[in-house]
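Novice: Starting off with a structure, shown below.
Values in this text are rule-based calculations from the coordinates and carry no lab data. Bear in mind that the values here come from a model prediction, so they are computed numbers and not experimental data. Every residue, glycine among them, receives a Cβ derived from its backbone with ideal geometry; neighbour counts consider all protein chains shown.
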Amino acid sequence: MSILIAPSILNSDFADLRGELAKIAGADYAHVDVMDNHFVPNLTLGLPVVESILRTSPVPVDAHLMIEDPDRWAPAYAEAGCASVTFHAEAAVAPVRLARELRNQGARAGLALRPATPVEPYLDLLPELDMLLVMTVEPGFGGQPFLDAMLPKITRARRAISAAGLDVWVQVDGGVSRATIERAADAGANVFVAGSAVYKADDAAAEVDALRELAAQAHRH
């Protein structure tokens, strides 16, 4: 199972997105948080800015849509060229139909779960998905501490995926750092979103490498 690092640009300098994206050229994805100030109490950026990021990013874009009505809005992000588009289970009306539409547009389809949302009701949907995102903070703001209470949920998700013989990635987002990434990897995650840990480091590229190695060590053990 591949270890993938997806730095979140939420903690980057938006006045120099080209330069900030260049810092993570060694990562696997650029994680872009789209917030609408309705589903979460924060407003970030929308499709026009994501289209600009797609033109300049040295790595594929992983869009995390923390928005209402993703059934309507999410396909446009796939059509624009995002390699992966994740929508929230709590906001989607027809998640299977939406996941299939995203895949038809050429993107990986991801389903995100807030901390209080149990994974069990969505296990039957796993064959329709490419990734399951277990939020390890309440979505909406960067820099929050990692919620260790989510580790059992990650483990239950990974066991269900393995039992079904599926190739579904498990992503964690929120509070991922050198101090927490090994626990998340040991629980079964393989895709790691790190925002402040990368962009507040003296050397973002070196931090990406360090996080990847720590996660890989946890998987090997």
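Novice: In the stretch 4-220, what % of DSSP beta bridges are antiparallel (nearest 5)?
Specialist: Numbers: 1 of 33 bridges.
Taking every DSSP beta bridge with both residues in the stretch 4-220, the antiparallel ones total about 5 percent.
Novice: Of all beta bridges DSSP finds with both residues in the stretch 21-116, what is the antiparallel percent, to the nearest 5?
Specialist: On the way: 1 of 16 bridges.
Percent antiparallel among DSSP bridges in the stretch 21-116 is about 5.
Novice: What FRET efficiency do you get for Glu120 and Leu47 if R0 is 35 Å and r is their Cβ-Cβ distance, rounded to the nearest 0.05?
Specialist: Values: r = 33 Å, r/R0 = 0.94.
Efficiency, from the Cβ-Cβ distance: 0.60.
Novice: Determine the dipole magnitude for the chain: charges of +1 sit on the beta-carbon of Lys and Arg, -1 on that of Asp and Glu, nothing else is charged, the reference point is the Cα centre, and the result goes in debye to the nearest 20.
Specialist: Numbers: 18 positive and 29 negative charges, 90 e Å.
That gives a dipole near 440 debye.
Novice: Sticking with this one: Would you mind pulling out the separation of the Cα centroids of the stretch 142-221 and the stretch 1-77, in Å?
Specialist: Here the answer is 18 Å between Cα centres.
Novice: How high is the relative contact order of the stretch 4-220, in percent, with contacts defined as C-alpha pairs under 8 Å that are six or more residues apart? Mind showing how you got there, number by number?
Specialist: On the way: 461 pairs, mean separation 43.1, N = 217.
In percent, rounded to a whole number, it is 20.
Novice: To continue, here is another question. For the stretch 132-216, calculate the relative contact order in percent as a whole number, restricting contacts to Cα pairs under 8 Å that are 6 or more residues apart. The partial results should precede the final answer.
Specialist: Numbers: 122 pairs, mean separation 26.2, N = 85.
Normalised by residue count, the contact order of the stretch 132-216 is 31 percent.
Novice: Take the Cα atoms of the stretch 154-209, build their convex hull, and give its volume per residue in Å³. Write out the running numbers ahead of the final one.
Specialist: Values: hull volume 4.1 nm³, N = 56.
So the per-residue Cα hull volume is 74 Å³.
Novice: Could you work out the Kirkwood radius for the stretch 81-202, taking every pair of different alpha carbons, averaging 1/r and inverting it, reported in Å?
Specialist: On the way: mean 1/r = 0.0683 Å⁻¹.
It is 14.6 Å.
Novice: 222 nm [θ] for the chain, helices only, -39500 (n - 2.57) per DSSP H run of 4+, per residue, to 500? Could you put the intermediate results ahead of the total?
Specialist: Working: 8 runs with 78 residues, N = 221.
-10500 deg cm²/dmol, from helical runs alone.
Novice: How large is the direction-averaged shadow of the alpha-carbon convex hull of the chain, in nm²? Spell out each step's value before the answer.
Specialist: Working: hull surface 42.6 nm².
Averaging across all directions leaves 10.6 nm² for the Cα convex hull.
Novice: While we're here: Once you list every other residue whose beta carbon is under 10 Å from the beta carbon of Ala107, what net charge do they have if Lys and Arg are +1 and Asp and Glu are -1?
Specialist: Details: positive: Arg103, Arg108; negative: Asp62, Glu79, Glu101, Asp130.
In short, -2.
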